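See below for the structure under consideration.
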Amino acid sequence: MDQPTTETKKNRSNTGLLLLVVLLLISNVVMLWMLMQRGKEVEHGVQQVTELTTRNEDVLGMLERTLDSYDSLQTENDTIRQELEFRRQEIQDLMAKVKSGSYSLAKARKEAETLRAIMKGYVATIDSLNQANQALTAQNVGLTQELGEVQGQKEALSTEKEALQGKLAKGAVLHTTTITAGALFMRNNGKQVDTDRAKKAEMVKCCFTLGENKVTEPGDKTLYMRVISPDGKVLPTSEGANRFRFNGVEGEYSAKREVNYQGQPVDACVFWTGGSELATGQYIVEIYENGSLVSKSSFDLK
């Protein structure tokens, strides 16, 4: 009775072991199948990312080429120039959207194709304008040739007139026969004393004699004095506005005064009163009238 029972238990154990092996095989097969499916999903995802990246690059490349085409368009027409600038900005905005990944590539491609078509229209328009300009230029050349002789005579007369005016202008410039400049300080009794010491200097004085001139218009003349310090700066005037035009440019003056000039020699002095201690070195003093240099001098302070 014991032997059959033992055999039965042994058979049951073998059956259980076999069943466990089968279950393990099935689970391994299922696991392998799941891994294969996961691998296919990952591969499919990679392919999608690659395709999306390629499409993104294609659209960006199209937009960049379109932008280069717009940049190459040149025209003198202000209206078209403004429209081209608007289109360039539109392309740049669209490129920014594509790069951010938040914009439909299909929609971006369609807009890029539209912008490219619009660009071709601008090319045709600009070409038509250029042809029209060339035709007008040809007409103008013909008119210019017809008017060439008259224009030449006019220019010759204008040149003679300018030369005469230049001679008169040069002749009208005032000049000095004598000029001196230097620094002063005031004593307690009010007397002005010359000095070559920077620490004592309180004023700059420039005296000169305007020579005879029969060409210039008689009347009141405004004389401007520029005192240029050793560091190249113009000593400032005490007045609020201290700018005038001279030698074709605008600059500062240090002091000015009115002189009544009737074509005969006249003596005059111009004073600058400083508000701070003067530096040592050479000072250049220039006198101007009607935008032209009348005369200049210099002095040194120790």
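Every read-out reported here was derived from the displayed coordinates using simple, explicitly stated rules and does not represent laboratory data. This is a predicted model, so every value here is computed, not measured. With ideal geometry, Cβ positions are generated from the backbone for all residues, glycine too; neighbour counts draw on all protein chains shown.
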Go ahead and run the numbers for FRET between residue 143 and residue 244, Cβ-Cβ distance against an R0 of 45 Å, rounding to 0.05.
0.50
With charges set only on the Cβ (+1 for Lys and Arg, -1 for Asp and Glu), what does the dipole of segment 176-301 come to about its Cα centre, in debye to the nearest 20?
240 debye
If we sort 132-141, 205-214 on the protection proxy, mean other Cβ atoms within 10 Å, highest first, what's the order?
205-214, 132-141
Length released on extending from residue 220 to residue 76, taking residue separation times 0.36 nm less the Cα-Cα span:
46.8 nm
Could you sort out which of 233/296; 200/221; 191/302; 205/233 sit more than 27 Å apart by Cα distance in this structure?
200/221
Neighbour cut-off at most 12 other Cβ (10 Å), DSSP loop, GluC sites (Glu not before Pro), segment 228-265:
239
Given R₀ = 30 Å, FRET efficiency for residue 233-residue 189 by Cβ-Cβ distance, to 0.05?
0.35
For the pair residue 96 and residue 300, how long in nm is the line joining their label points, each one 7 Å along Cα→Cβ?
6.5 nm
Sort out for me the Cα centre separation of segment 226-243 from segment 169-225, rounded to whole Å.
15 Å
When only Cα pairs under 8 Å and 6 or more residues apart are kept, what is the percent relative contact order across segment 219-302?
36 percent
In nanometres, the difference between 0.36 nm per residue of separation and the alpha-carbon distance of residue 277 and residue 88 is 62.1 nm
Along segment 241-248, Karplus-curve 3J(HN,Hα) (6.51, -1.76, 1.60; θ = phi - 60°) to the nearest Hz, with x for Gly and Pro, reads 8, 9, 10, 8, 9, 7, 6, x
